[in-house]
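Everything below concerns the one structure shown next.
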Amino acid sequence: MLLLLALVSVTLAHPFEEDFDGNRVFRVSVPDEHHINLIQELANTKQIDFWKPDSALQVKPHTTVDFHVKAEDVATVEDFLEQNEFHYEVLISNVRNVLEAQFDSQTRASGHSYTKYNKWETIEAWIKQVASENPDLISQSIIGTTFEERNIYLLKVGKAKPNKPAIFIDCGFHAREWISPAFCQWFVREATRTYGREIHMTQLLDELDFYILPVVNIDGYVYTWTKNRMWRKTRSTKAGSSCVGVDPNRNFNAGWCEVGASRSPCSDTYCGPAAESEKETKALADFIRKNLSSIKAYLTIHSYSQMMLYPYSYDYKVPENNVELNALVKGATTIYLAAGGSDDWAYDEGIKYSFTFELRDTGTYGFLLPESQIRQTCEETMLAVKYIANYVREHLY
């Protein structure tokens, strides 16, 4: 029995099977096409985990690239960068240290906490509890199941009233973007905490419904807690390939697989065998199609880079209401082209206000944002979401 307990404590200390000790994250300046080609060459010879942008194909001149390199490749990569006269900095010198330092919340809660990263089992229990504790404000439904047969939950938040316009918000598309599900939970917290107390939230919940999808890519999220913290895609498998998963945000029918996505099943931006091939993206798309008449805005929450994006990212086309969208986000622009994204798809379906949020930070921690920043990140994001929601409320169509 004692032996068993000892084993349990060891596994809790390092829940990730993938050991990131000595791994490094670089930020490299890319001045021109020649250097872009070099980065792509490097990506073809070494296993490079692109953080920003999502792949070598999306690198543009006069930008920087953040990528994560395995310990055994660090020396080779540094030599390559120096030989080719790249300007670069090391964002994270040892990934494992930063990974362990994420859990710096002072909250001692053993169960669910809004200022900690919660495991899926904890989030699932929270979904049921928050719905049962707030029956006047929240109802829970299941809109489908994942590849690994987990329930995909949706919370409807708002004062019950027939024919209300709605805003759809989803979190947790990309498994490793842990701050994203934390925001969906925070939104629900704020709704229940401030309804009837704070005039703006009360008005929003009286006049609008909010559909909150707390975690889209549940299988991937579970995998980041148990096996590999840096996993991004779904966990679906396909006959004929040993590689696992599809990038759910390249799997929508909006310029599907045209640009910024890969047809290789092993790629982190694999678009899948077809649009909506993934059970998770299909469940989301089916729900939105079914409720299209009421959904007036679509917000999808990602990290990192602290920006807001709006359609179109599969082509440098400008949406009809570009001036309005641009005024709303005060001039944010698309970072790079990426086809098959849910925001472009929602816009094409007729949802006029469609935005991607990229939450903190700008690269110091990247996907490994410490828990101590959850509160501030969620508070600043709440302000933006409430601003957009209020704008939508005043500009119904």
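Only Lys, Arg, Asp and Glu carry charge here, each on its Cβ (+1 for the first two, -1 for the last two); on that basis the chain has a dipole of about 1300 debye about its Cα centre.
Per-residue Karplus couplings for the stretch 148-161, computed as 6.51 cos²θ - 1.76 cosθ + 1.60 with θ equal to phi - 60°, are listed in order as 8, 6, 8, 6, 9, 8, 10, 9, 9, 10, x, 6, 4, 6 Hz, Gly and Pro entered as x.
All other residues whose Cβ lies under 11 angstrom from that of GLY196 are scored, Lys and Arg at +1 and Asp and Glu at -1, for a net of 0. Just checking the listed ones, PHE357, PHE210, PHE103: in the Gaussian network model of the chain with Cα springs under 10 Å, the one fluctuating most is PHE103. For the chain, the cysteines with no partner cysteine C-beta closer than 4.7 Å are CYS378. Largest accessible area first, the residues ARG393, ARG96 order themselves as ARG96, ARG393 under a 1.4 Å probe with ligands, DNA and RNA left out. Can you bin the stretch 181-306 into rounded, prolate or oblate? Criterion: square roots of the alpha carbon gyration tensor eigenvalues sorted a ≥ b ≥ c, rounded for a/c under 1.5, prolate for a/b above b/c, oblate for the rest. In terms of gyration-tensor shape, prolate.
State whether the chain is rounded, prolate or oblate according to the following rule on the C-alpha gyration tensor (a ≥ b ≥ c being the square roots of its eigenvalues): a/c under 1.5 gives rounded; otherwise a/b larger than b/c gives prolate, and the remaining case gives oblate. Verdict is oblate for the chain. Return the single residue from PRO311, PRO165, PRO248 with maximal mean-square fluctuation; model: Gaussian network over the chain, springs between Cα atoms under 10 Å. Residue with maximal mean-square fluctuation among PRO311, PRO165, PRO248: PRO165. List the lysines whose Cα lies under 26 Å from the Cα of LYS46, skipping any in the same chain that are fewer than 8 positions away. Output for LYS46: LYS60, LYS70, LYS227, LYS233, LYS238.
For the stretch 135-268, with all protein chains present and a 1.4 Å probe, just round the carbon and sulfur fraction of the accessible area to a whole percent.
Carbon and sulfur: 49 percent of the exposed surface of the stretch 135-268.
Normalised per residue, the accessible area of the chain is 42 Å², obtained with a 1.4 Å probe and no contribution from ligands, DNA or RNA. Carbon-plus-sulfur fraction of the accessible area of the stretch 345-397, 1.4 Å probe, in percent? Percent of accessible area from carbon and sulfur atoms in the stretch 345-397: 48. Assuming a ≥ b ≥ c are the square roots of the Cα gyration tensor eigenvalues, decide whether the stretch 98-166 counts as rounded (a/c under 1.5), prolate (otherwise, with a/b larger than b/c) or oblate. Prolate, since a/c reaches 1.5 and a/b exceeds b/c.
The 3J(HN,Hα) values that the Karplus relation (6.51, -1.76, 1.60; θ = phi - 60°) gives for the stretch 274-283 are, in residue order, 6, 4, 6, 5, 8, 4, 5, 6, 5, 4 Hz. Gly and Pro appear as x. Each residue of the stretch 175-190 was assigned a 3J(HN,Hα) from its phi angle through the Karplus curve 6.51 cos²θ - 1.76 cosθ + 1.60 (θ = phi - 60°); the sequence is 3, 7, 7, 4, 5, 5, x, 4, 5, 4, 5, 4, 4, 5, 4, 5 Hz, with glycine and proline shown as x. For the residues GLN140, GLN373, GLN83, a GNM of the chain with alpha-carbon springs under 10 Å puts the largest fluctuation on GLN83. Solvent-accessible area of TRP120, all protein chains in place: 10 Å² (probe radius 1.4 Å, heavy atoms, ligands and nucleic acids excluded).
The values are calculated or read from the model by the stated rules, or taken from the named source; none is laboratory data. Worth saying up front: this structure is predicted, and the values here are computed from it rather than measured. Positions of Cβ are generated from backbone atoms using ideal geometry, with glycine treated the same way; all protein chains shown enter the neighbour counts. Accessible surface areas use protein heavy atoms only, side chains included; no ligands, DNA or RNA. Shrake-Rupley method; radii C 1.70, N 1.55, O 1.52, S 1.80 Å.
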